[in-house]
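Quick notes on the structure that follows.
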Amino acid sequence: MKYNSPRIKVLNKQNILKLIHDNHPISRAEISEITDLTPSSVTRLTKELIDEGYVKERGTIGKNSPGRRRTLLDLNKDASISLVFDLGVNVTTFGLGYFNGKVSLSGSFETPRRPEDFFAKVEEIYLRLKKEYRITRISLSIPGMVNMLENRILLAPNLCWQDVLINDLLDVDVPVLADNEANLSMMAEKYHSKDLKEVKEAVFIVIREGVGTGVLLDGKIYRGSSFTAGEAGHMTVDIHSDKKCHCSNKGCWELVTSINWAIENYRGELQGKNAIEKFASLKKKTGNKKFFEEFAKNIAVGIVNIVNVLNPQLIILGGEVQDLGEYFFNSIESEVKRRALRDAVKQLKIRPTIFETVSSNLVGAAILAIEDIIEKVK
Ligand SMILES: [Zn+2]
């Protein structure tokens, strides 16, 4: 790429918008200090960002010393709105993602079995909501592997979807983005969590009908050479197992860690018409501490493998297990510390995701849209 002057200007502008994004509210003087750009360049570029509606001025600091009064720049949360979908194996939820990384929930529907029917539903919702909101992106969280260059769902094992080319099935007038749900969850945590400001190696584990992991290495999501990295749910933890996995292998970690394991192995009645509802009813029952401790041990076995390979500082658990309480997380942590390499767990922390009402991957889908918007700023 040729770095001529207009190109450098665009890169500086993108840099400033990213900086405002990560540190808002922020003053022009601070931007100038961090970026090494002259105050006049910062003034010119931030004016463009204000005129284009991405940024707005908000209050001042240093009121008592007029000479040092600084106007703060903040994000305009309505600058760009994305329509975000959390494609679940049983239920899909959707909402609106704002430019400040927040998401408001709009609704949910039973996930159709055929990709054609699912994307017809997505289109219908988009056409309905675009009358009300200035939607500039559709962003999808997928429970499987996604080739982001081709917008192709390579494999969503628990839906039995393979090689689904999204743009063939969804013909809309805005860009469509998609990524794996665990990657998006990791992105959401990186964007919103305080303890991830310094941490550069972390893994987000989504436990639902399947199990996926989002891997953060050197501060970036690691997707692998062909977008299949982080499929830790399909690492073999039992070489003698005869139980077949959706991925066609046997003995996968997912088979003893997904909520389906808990439902199948629980001795008692569970209410609900799908796995998520049944697991929710299991969580509400009392006297299951021993059962959940066994479940925690299954989860810990996979975490030991992840920790021994990647040596992260932080493991985050999300999906359907995040609200299982302190004893559950303590059980996982003590088992991991007992089994993993001593030096691999020295700094390790294991915690639930910070997202409670809106799922981490739905927030991540909004972040994916924001990153795309910043990348396309001219
Ligand atoms: Zn598998």
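Odds and ends about this structure:
- Kirkwood Rh and Cα Rg combined as Rg over Rh, evaluated for the range 194-352: 0.96
- GNM on the chain, alpha-carbon springs under 10 angstrom: the most fluctuating residue among Lys346, Lys56, Lys13 is Lys346.
- Which listed pairs, of Lys130/Lys273; Lys121/Lys378; Lys13/Lys376; Lys243/Lys284, have C-alpha distances above 21 Å, in listed order: Lys130/Lys273; Lys121/Lys378; Lys243/Lys284
- Probe 1.4 Å, all protein chains present, accessible-area order of Asp86, Asp218, largest first: Asp218, Asp86
- Net charge of neighbours whose Cβ lies under 13 Å from the Cβ of Ser32, counting Lys and Arg as +1 and Asp and Glu as -1: 0
- Near the amide H of Leu314, within less than 5 Å, lie the amide hydrogens of Val203, Lys349, all on another chain or at least 5 residues away, with H placed in the peptide plane.
- With helices as the sole contributors, the chain gives -12000 deg cm²/dmol at 222 nm; each DSSP H run of n ≥ 4 counts as -39500 (n - 2.57), and the sum is divided by every residue.
- Simple point charges give the picture: +1 on the Cβ of Lys and Arg, -1 on the Cβ of Asp and Glu, and for the range 1-123 a dipole about the Cα centre of about 620 debye.
- In the elastic network of the chain, a GNM with C-alpha springs shorter than 10 Å, the most mobile of Met145, Met186, Met235 is Met235.
- Rg/Rg_globular for the chain, with Rg_globular taken as 2.2 N^0.38 Å and Rg from C-alpha atoms: 1.07
- From phi via Karplus (6.51, -1.76, 1.60), per-residue ³J(HN,Hα) for the range 223-228 in Hz, x at Gly/Pro: 9, x, 6, 9, 6, 10
- Stretchable slack from Tyr222 to Asn330, in nm (0.36 nm times residue separation minus alpha-carbon distance): 36.1 nm
- Going by accessible surface with a 1.4 Å probe and the largest first, Lys200, Lys121 read Lys200, Lys121.
- Neighbourhood net charge (12 Å Cβ-Cβ; Lys/Arg +1, Asp/Glu -1) for Gly318: -4
- Extension gain, Leu341-Lys289: 0.36 nm per intervening residue step, less the Cα-Cα distance, totals 16.0 nm.
- Ser82 contributes an accessible area of around 10 Å² to the protein surface, as traced by a 1.4 Å probe with all chains present.
- Rounded to 5, the percent of DSSP beta bridges in the chain classed as antiparallel: 65 percent
- Nearest-ten-degree value, helix 360-375 long axis tilted from longest Cα axis of the chain: 30 degrees
- Average accessible surface area per residue within the chain, 1.4 Å rolling probe, Å²: 49 Å²
- On the chain, 48 percent of the accessible area sits on carbon and sulfur atoms, based on a 1.4 Å probe.
- Between Ile50 and Ser5, the modelled label-to-label distance comes to 2.5 nm, taking each label 7 Å out from Cα in the direction of the beta carbon.
- Loop GluC sites (Glu not before Pro), the range 210-270 (other Cβ atoms within 10 Å of the site Cβ: 10 or fewer; DSSP): Glu269
- Along each principal axis, Cα extent of the range 40-171, largest first, Å: 64, 28, 24
- Total formal charge among the other residues, if their Cβ is under 11 angstrom from that of Glu48, Lys/Arg +1 and Asp/Glu -1: +3
- Between helix 275-284 and the chain: long-axis angle, C-alpha atoms, 0 to 90°, nearest 10: 80 degrees
- Within the range 139-158, backbone nitrogen closer than 12 Å to the virtual label 7 Å beyond the Cα of Glu371 toward Cβ: 148-149
- Value of relative contact order over the range 194-352, rounded to a whole percent, pairs C-alpha under 8 Å and six or more apart: 24 percent
- Nearest-ten-degree value, helix 326-339 long axis tilted from longest Cα axis of the chain: 80 degrees
- Full-stretch length increase - Lys244, Lys77 - with 0.36 nm per residue and alpha-carbon distance subtracted: 55.5 nm
The values are calculated or read from the model by the stated rules, or taken from the named source; none is laboratory data. Since the model is a prediction, treat every value here as computed from it, not as a measurement. Note that each Cβ is placed from the backbone with ideal geometry, even for glycine, and that neighbours are counted across all protein chains shown. Accessible surface areas use protein heavy atoms only, side chains included; no ligands, DNA or RNA. Shrake-Rupley method; radii C 1.70, N 1.55, O 1.52, S 1.80 Å.
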